[in-house]
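All remarks here apply to the structure that follows.
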Amino acid sequence: MVFTHSFLQGVMALFRHKFRAFLTTLGMVIGIASVTVSVSVSEGLNQMIMDLLNQMGMGNTIICFRPEWVEREDGRWERNDARAYLRYGDVQAIESNAPSVEFVLPEMWWDLRATHGGRSKQARAVGTTQHYGTGHNWKLDRGRFLTGLDVERESKVCVVGADLERDLYPGDSALGKDITLAGERLTIVGVMERKPDDSPDFTGSNNSLIMPLTTFSQRFAGHDGVGVFFIRAKSALAVEQAVKEVKLTLRRRHRLSAATDAFQFQTSDEIIRAVQQVSFVMKAFLSGVASIALIVGGVGIMNMMLVTVTERTHEIGLRKAVGARRRHILSQFLIEAVVLGGIGGVLGVGFGWGLSKLASFGISSALRRSSGEGLIVDWPSVVSLESALFAMLISGCIGVLAGIFPAFRAGLMPPVDAIRHQ
């Protein structure tokens with residue numbers, strides 16, 4: 001009953017000075033909105049990377065390649081002097097000896113000029129296997145894709161992207177037609193579905209020409225080395241075990257010691273951890289800058305409560321004279337401060353949600369303009385319920401901290417001196 005009375009008294013006191021309360025709350029609104037936007041932008045980075053990995057089908061993918069430079073235990077970087085290189089034979093060995101691996105996708109690519117019927121176009125020539133579409137989550141539109149038999153026989157066939165068909169075969173289908181690449185004639189057996197214009201090149205582009213890895217090695221590269229393996233584990237839980245099995249298989253095939261770092265492995269977990277570290281630093285920096293506005297808002301609440309205590313000194317004396325205790329006075333002014341902080345928190349979260357949407361749109365637009373076709377997803381706006389509740393909790397705590405001193409000052413006033421105050 002006493003708390004309810006104090007609460008009503010505090011709220012009524014705020015309504016008697018609406019404009020002053022509004023200006024005081026405005027500082028909290030700006031501070032909470034700034035923190036909300038900061039958290040939303042940094043969390044958006046995490047979400048964007050997760051969406052990118054999912055679209056690429058890399059949730060349980062391991063990337064294996066031979067680095068030019070390796071880092072030693074003492075922190076020094078040295079040129080990779082191992083005589084081991086990834087080869088197509090390693091693909092078959094890994095798939096046979098690594099139970100946790102679903103398939104291995106080897107890739108090599110060069111930019112070469114493709115020609116047909118007097119027309120020419122720069123194309124991304126990719127040497128790979130029958131798992132390319134599954135590995136990059138890219139489906140066939142017409143015809144057929146490469147087969148294991150094509151790879152074994154070094155068949156002179158290829159699958160092309162939608163842009164390559166449009167530019168070299170205008171108004172006609174490319175299926176069954178020939179295409180010349182660096183003097184070599186290939187037969188087009190399939191056309192891939194059109195990818196979004198903002199898809200990055202490393203997931204396959206509409207300007208790609210995909211052929212068997214063995215054909216690429218023999219007729220274009222002139223060697224059997226492979227640039228990178230995309231290794232798909234059977235599940236996300238099997239990634240760590242798959243890495244161990246692949247390392248063991250490669251060491252046996254290339255006769256490497258355990259201390260030789262001939263090949264480097266990257267998993268989606270490592271990529272996510274690196275992104276989360278960057279996101280955490282960005283979130284801490286942006287939130288720290290935005291917290292300055294919260295501190296200013298808290299000072300504003302304290303200043304208003306001090307003014308309120310001074311204005312209502314006579315009222316405080318009368319209430320004490322008729323039996324109000326120190327805790328009653330203390331609770332009333334604390335409630336006023338908490339209500340101010342709480343209202344600022346609620347309005348700040350709502351205002352911050354709207355600003356987060358605008359910030360997301362602005363960042364996405366800027367990235368699309370600067371990177372052209374390099375961005376596959378928009379920068380999302382992420383305002384979770386947990387962050388909103390946390391922001392409102394912070395605003396309430398600031399209200400308490402800002403109201404403690406004025407409330408104690410009011411509660412410690414001697415009744416006689418307070419009544420005499422004019």
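The values are calculated or read from the model by the stated rules, or taken from the named source; none is laboratory data. Bear in mind the structure is a predicted one, so any value in this text is a computation, not a measurement. Counting neighbours? That spans all protein chains shown, and the Cβs are built from the backbone with ideal geometry, glycine included. Accessible surface areas use protein heavy atoms only, side chains included; no ligands, DNA or RNA. Shrake-Rupley method; radii C 1.70, N 1.55, O 1.52, S 1.80 Å.
Within the range 346-365, residues that are in contact (Cβ under 8 Å) with a residue 60 or more places away in the chain sit with their Cβ atoms under 7 Å from residues that are open to solvent by less than 50 Å² (accessible area, probe 1.4 Å) and among the aromatic types (F, W, Y), at 6+ positions apart or across chains, in these pairs: S360/W379; I363/W379. Per the conditions (1) under 30 Å from N137 (Cβ atoms); (2) modelled with pLDDT of 70 or more; (3) in a helix (DSSP H, G or I), the sole criterion not satisfied by L52 is (2).
R66: at pLDDT 70 or above, of a type in the set (D, E, K, R) and surrounded by fewer than 22 Cβ atoms within 10 Å (Cβ to Cβ), yes or no?
Values: at pLDDT 70 or above: yes; of a type in the set (D, E, K, R): yes; surrounded by fewer than 22 Cβ atoms within 10 Å (Cβ to Cβ): yes.
In short, yes.
Report whether or not W77 is surrounded by fewer than 15 Cβ atoms within 10 Å (Cβ to Cβ) and either in contact with a Cys (Cβ under 9 Å, 6 or more places away or on another chain) or over 19 Å from L186 (Cα atoms) (or both). Outline the logic, then answer.
On the way: surrounded by fewer than 15 Cβ atoms within 10 Å (Cβ to Cβ): yes; either in contact with a Cys (Cβ under 9 Å, 6 or more places away or on another chain) or over 19 Å from L186 (Cα atoms) (or both): yes.
Yes; evaluated as a whole, the condition is true for this residue.
Yes or no: the range 2-13 includes at least one residue that is of a type in the set (F, W, Y), loosely packed, with under 14 Cβ neighbours inside 10 Å, more than 30 Å from Q218 (Cβ to Cβ) and modelled with pLDDT under 75.
yes
Among the residues making up the range 126-145, those that are closer than 16 Å to S217 by Cα and either open to solvent by 10 Å² or more (accessible area, probe 1.4 Å) or out of contact with any Ser or Thr (no Cβ under 8 Å at 6 or more places or on another chain) (or both) are T128, T129, Q130.
In the range 87-105, the residues that are more than 11 Å from V246 (Cα to Cα) form Cβ pairs under 9 Å with partners that are part of a helix (DSSP H, G or I) and among the acidic types (D, E), at six or more places apart or across chains, as follows: E102/E95; F103/E95.
One residue is enough: does the range 152-173 have a residue meeting the conditions under 30 Å from R252 (Cβ atoms) and of a type in the set (A, V, I, L, M)? Within the range 152-173, none of the residues are under 30 Å from R252 (Cβ atoms) and of a type in the set (A, V, I, L, M). Could you grab me the full set of residues in the range 123-140 that are among the hydrophobic types (A, V, I, L, M, F, W, C) and part of a strand (DSSP E or B)? Correct list: A123, A125, V126, L140.
Taken over the range 146-156, the criterion of being assigned to a helix (DSSP H, G or I) and surrounded by fewer than 19 Cβ atoms within 10 Å (Cβ to Cβ) is satisfied by G148, L149, E152, R153. On the stretch given as the range 112-144, residues that are farther than 18 Å from Y169 by Cα, in contact (Cβ under 8 Å) with a residue 60 or more places away in the chain and not polar (S, T, N, Q) total 7. Which of the residues belonging to the range 206-222 are outside any strand (DSSP E or B), over 16 Å from V91 (Cβ atoms) and touching a helix residue (DSSP H, G or I) at 6+ places or on another chain (Cβ under 8 Å)? Matches in the range 206-222: N206, N207.
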